[in-house]
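Inspection log for the structure reproduced underneath, given as structure tokens.
The values are calculated or read from the model by the stated rules, or taken from the named source; none is laboratory data. Worth saying up front: this structure is predicted, and the values here are computed from it rather than measured. Here Cβ is always computed from backbone atoms with ideal geometry, including for glycine, and neighbour counts include all displayed protein chains.
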Amino acid sequence: MSPLHAPAARLTDLLTGLEPPPAPAALPEGMFLLRGRADPAVLAPLIETVAATAPFRFMKTKRGGQLSAAMTSCGVCGWVSDRRGYRYESIDPDTGRPWPTLPPAFRRLAAEASAEAGFPGFEPDTCLINRYAIGSGMGLHQDADERDFGQPIVSVSLGLPTAFLIGGAERRDRPGPLPLQSGDVMVFGGPARLLFHGVRPVKPGFDPLFGPFRYNLTFRRAR
Ligand code: SIN
Ligand code: FE2
């Protein structure tokens, strides 16, 4: 079992007197939570810049459904889903142009957070940006469209809180909730790289920076 990082004091907690949400005693081996590691105020305008070139969109699934989070990407490739399935594409199918480049602050955060979690040398080539409206979540899945599962995943939560659902190696393994707040960073690699995971539907609320939304940045080495 890996140790949890001690929760850092957060300005909002100091101002409101609220305790950070309880975290489980231990996370699966290879999964790390860096509470408050990201600065939401730095990341918010960068998301806007990416979305000005590659707008958020609701992607279709193979079966004709639609993913509940709106998505966009930046980097040398972007994750897409449509009737042909899931994959990474170098060209944004919605605009016909390359995805916007990874902002240096994104790159730095992913590299530093992964190194702190014990995965040095991580150089993401893509960042998937999910935008969850109230009531939206994500079903249990594995991140398995990447070439090298030796590379970790860095996942940054912004805006409204929710619970990350941590499952096991099999879809049928019962997941446990991990409460996440704006600025929390999760890193999962090694034995945790292919664990099933999902996101609980976002409860009504309003975040001062992100409004009635939760955002998630998922950094990956896809190729
Ligand atoms: C994902 O697993 O792709 C998203 C995770 C999250 O929104 O926290
Ligand atoms: Fe995922």
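Residue 219 satisfies every condition listed in (1) within 10 Å of ligand 1 (Cβ to nearest atom); (2) closer than 19 Å to residue 103 by Cα except (1). Within the range 137-153, residues that are under 17 Å from residue 81 (Cα atoms) and in contact (Cβ under 8 Å) with a residue 60 or more places away in the chain reach partners that are within 12 Å of ligand 1 (Cβ to nearest atom) and of a type in the set (Gly, Ala, Ser) with beta carbons closer than 9 Å, at six or more positions or on different chains, in the pairs 137/68; 137/69; 137/198; 138/68; 138/69; 138/198.
Note on the range 51-100: no enclosed strands (runs of 3 or more DSSP E) hold 1 or more residues that are at pLDDT below 95 and closer than 21 Å to residue 200 by Cα. Tell me, yes or no, whether the range 15-26 has at least one residue that is touching a residue at least 40 places away in the same chain (Cβ under 8 Å), of a type in the set (Gly, Ala, Ser) and surrounded by 16 or more Cβ atoms within 10 Å (Cβ to Cβ). Yes, the range 15-26 contains at least one residue that is touching a residue at least 40 places away in the same chain (Cβ under 8 Å), of a type in the set (Gly, Ala, Ser) and surrounded by 16 or more Cβ atoms within 10 Å (Cβ to Cβ). Taking the range 147-161 as the range and being touching a Phe, Trp or Tyr at 6+ places or on another chain (Cβ under 7 Å) and within 16 Å of ligand 2 (Cβ to nearest atom) as the test, the residues that pass are 151, 152, 153, 154, 158.
Set side by side, the residues 129, 91 differ, and just one is in contact with a helix residue (DSSP H, G or I) (Cβ under 8 Å, 6 or more places away or on another chain) and within 17 Å of residue 71 (Cβ to Cβ), which is 129. Being surrounded by fewer than 22 Cβ atoms within 10 Å (Cβ to Cβ) and either at pLDDT below 95 or under 21 Å from residue 143 (Cα atoms) (or both) is the filter; apply it to the range 209-221 and report the residue that is farthest from ligand 2 (Cβ to nearest atom). Looking at the filtered set, the residue picked out is 221. Considering (1) modelled with pLDDT of 65 or more; (2) under 17 Å from residue 159 (Cα atoms), the lone condition that residue 11 does not fulfil carries the number (1). Of all the residues in the range 156-175, those that are surrounded by 24 or more Cβ atoms within 10 Å (Cβ to Cβ) and closer than 16 Å to residue 141 by Cα number 0.
For the residues 178, 194, the requirement of being within 14 Å of ligand 2 (Cβ to nearest atom), surrounded by fewer than 19 Cβ atoms within 10 Å (Cβ to Cβ) and more than 12 Å from the chain's Cα centre (by Cα) singles out 194. Within the range 137-153, restricting attention to residues that are among the small types (Gly, Ala, Ser) and within 12 Å of ligand 1 (Cβ to nearest atom), the residue that is surrounded by the most Cβ atoms within 10 Å (Cβ to Cβ) is 137. A count restricted to the range 154-178 and to residues that are free of Cβ contacts under 8 Å to residues at least 40 places away in the same chain and within 10 Å of ligand 1 (Cβ to nearest atom) stands at 3. I'd like to check something: does the range 187-208 contain any residue that is modelled with pLDDT of 95 or more, more than 12 Å from ligand 1 (Cβ to nearest atom), part of a strand (DSSP E or B) and under 27 Å from residue 29 (Cβ atoms)? Yes, the conditions are met somewhere in the range 187-208.
Condition (residue is of a type in the set (Val, Ile, Thr) and more than 17 Å from the chain's Cα centre (by Cα)) applied to the range 117-131: is it met by at least one residue?
no
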